[in-house]
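Participant: Handing you a structure now.
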Amino acid sequence: MSLCVIPARGGSKRIPRKNIREFHGRPMIGWSIAAARESGLFDRIVVSTDDAEIAQIARSEGAEVPFTRPEDLANDHAATVPVVAHAVSELDLAQDVPVCCLYATAPFVQASDLAEGLRLLRAGASYAMAVTEFAYPIQRALRRDADGAVVMMDEAQMQVRSQDLEPAWHDAGQFYWALAATWDAATPVFGVGAHGVALPSYRVVDIDTPDDWVRAEALFQVLRK
């Protein structure tokens, strides 16, 4: 058995109702549910929400909503791990069940990405998540003062060729695999044993602002063509 948990609270501030806002012809959350269903990896696809409208749409897209998320896990400060741990508890899962947290705003996620994450988990990873490379060497980051003056954060890197600098990666903000026991124990995601599923940067957009939304829609349209 394996479980997909899609967190989708109703109180998004920067993009109101973003989890169910229409994105290329369907509610945003519908793309995540569709990818989970297409993967064939999950016995259950469960949406964790505090919002009745989100619950109704999630069910119409093919997901379950077997419980209502409590208010203390649906505010602006609620973190992902406690939300998934709550789902694990509500569903009374065995501790060895693989659980994937898939974000509701991940329209670029693919079934093959999810499958690779599960493979890494079964190979011994504590967590398996989507990651992508920074587009520019972070070793050459600049510090900018209030008056506009800039200086390198690490001047020792100034003369190092970019191809000689170690690549740096960041969380792609799409999904995280772990065993139910790992979620239950509130184990830090980026701790020892975490592994990354490498995604191309053109399939990674963190949708937090209206500008992000416009960029994501444009990119999605290009990729579909």
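Participant: Packing-wise, with mean Cβ within 10 Å as the measure, how do 193-199, 162-168 rank, highest first? Display every interim value, and only then the final one.
Facilitator: On the way: 193-199: 17.6, 162-168: 9.3.
Per-residue mean Cβ counts within 10 Å order the peptides as 193-199, 162-168.
Participant: What number comes out for the charge environment of Arg140, summing +1 per Lys or Arg and -1 per Asp or Glu over other residues with Cβ under 14 Å away? Kindly include the intermediate steps, with their values, before the conclusion.
Facilitator: On the way: positive: Arg143, Arg144, Arg161; negative: Asp154, Glu155, Asp164, Glu166.
Neighbourhood net charge equals -1.
Participant: Could you point to the residue in Phe108, Val65, His86 farthest towards the positive end of the stretch 62-156's charge dipole, with +1 and -1 charges on the Cβ of Lys/Arg and Asp/Glu respectively?
Facilitator: Final value for the positive-end residue is Phe108.
Participant: If I model a spin label at Tyr136 and Gln56 as a point 7 Å from the Cα along the Cα→Cβ vector, what separation in nanometres do I get?
Facilitator: Result for the modelled spin labels: 4.6 nm.
Participant: Just how large is the dipole of the stretch 3-220 about the Cα centre, in debye to the nearest 20, putting +1 at every Lys and Arg Cβ and -1 at every Asp and Glu Cβ? Let's see the in-between values first.
Facilitator: Working: 19 positive and 30 negative charges, 80 e Å.
That gives a dipole near 380 debye.
Participant: Suppose we keep just the DSSP beta bridges with both residues in the stretch 1-154; what percent of those would be antiparallel, to 5? Before the final figure, lay out the partial values.
Facilitator: Details: 5 of 15 bridges.
So the antiparallel bridges in the stretch 1-154 amount to around 35 percent.
Participant: Select from Ile20, His195, Ala218 the residue farthest towards the positive end of the dipole of the chain; place +1 on Cβ of Lys and Arg, -1 on Cβ of Asp and Glu, and compute about the Cα centre.
Facilitator: Ala218
Participant: For a quick check: with amide H placed at 1.01 Å from N, whose amide H comes under 5 Å from Ser48's, ignoring anything fewer than 5 positions away on the same chain?
Facilitator: Long-range HN contacts for Ser48: Ile6, Ala8.
Participant: Oh, and also: Full-extension gain between Asp208 and Met158, please, as 0.36 nm times their residue separation minus the C-alpha to C-alpha distance.
Facilitator: Numbers: separation 50, 0.36 × 50 = 18.00 nm, distance 3.25 nm.
So the extension gain works out to 14.8 nm.
Participant: Between the stretch 143-165 and the stretch 189-225, how many Å separate their Cα centres?
Facilitator: 26
Participant: Another one. What residues qualify as long-range amide H neighbours of Tyr127, i.e. H under 5 Å apart, gap of 5 or more or another chain, H built at 1.01 Å from N?
Facilitator: Distant-sequence amide H within range of Tyr127: Ala194, His195.
Participant: Which residues does the label zone of Asn75 cover in the stretch 1-31, counting backbone N under 17 Å from a point 7 Å along Cα→Cβ?
Facilitator: Residues 9-13 fall inside that zone.
Participant: Right, another one. Using the alpha carbons of the stretch 111-156, what is the convex hull volume per residue in cubic angstrom, as a whole number? Let's see the in-between values first.
Facilitator: Values: hull volume 6.4 nm³, N = 46.
Here the figure is 139 Å³ per residue.
Participant: Quick check on the stretch 41-173: what are the equivalent-ellipsoid semi-axes from the Cα gyration tensor, as sqrt(5λ), descending, whole Å? The partial results should precede the final answer.
Facilitator: Details: eigenvalues 298, 84, 38 Å².
Gyration-tensor ellipsoid for the stretch 41-173: 39, 20, 14 Å.
Participant: Return the long-range amide H neighbours of Gln174 (sequence gap of 5 or more, or a different chain), with a cut-off of under 5 Å between placed amide H atoms.
Facilitator: Amide H neighbours of Gln174: Ala130.
Participant: Can you run phi through the Karplus equation (6.51, -1.76, 1.60; θ = phi - 60°) for the stretch 152-166 and list ³J(HN,Hα) in whole Hz, with x for Gly and Pro?
Facilitator: Running phi through 6.51 cos²θ - 1.76 cosθ + 1.60 with θ = phi - 60° gives 5, 5, 9, 5, 5, 8, 4, 9, 7, 5, 4, 6, 9, 8, 5 Hz.
Participant: Viscosity 0.890 mPa s, temperature 25 °C: what is the translational diffusion coefficient of the chain from Stokes-Einstein with a Kirkwood Rh over Cα pairs, rounded to a whole number of µm²/s? Kindly include the intermediate steps, with their values, before the conclusion.
Facilitator: Details: Rh = 18.7 Å.
Translational diffusion coefficient: 131 µm²/s.
Participant: Right, here's the next one. Using the Kyte-Doolittle scale, find the helices of the chain whose mean hydropathy is at least -1.0 and whose Cα atoms extend 20 Å or more along the helix's long axis, counting only whole DSSP H runs.
Facilitator: 210-224
Throughout, read-outs are computed from the coordinates displayed, never taken from laboratory work. From a predicted model like this one, the values you see are computed outputs, not experimental measurements. Ideal geometry is used to build each Cβ from the backbone, glycine not excepted, and the neighbour counts take in all protein chains shown.
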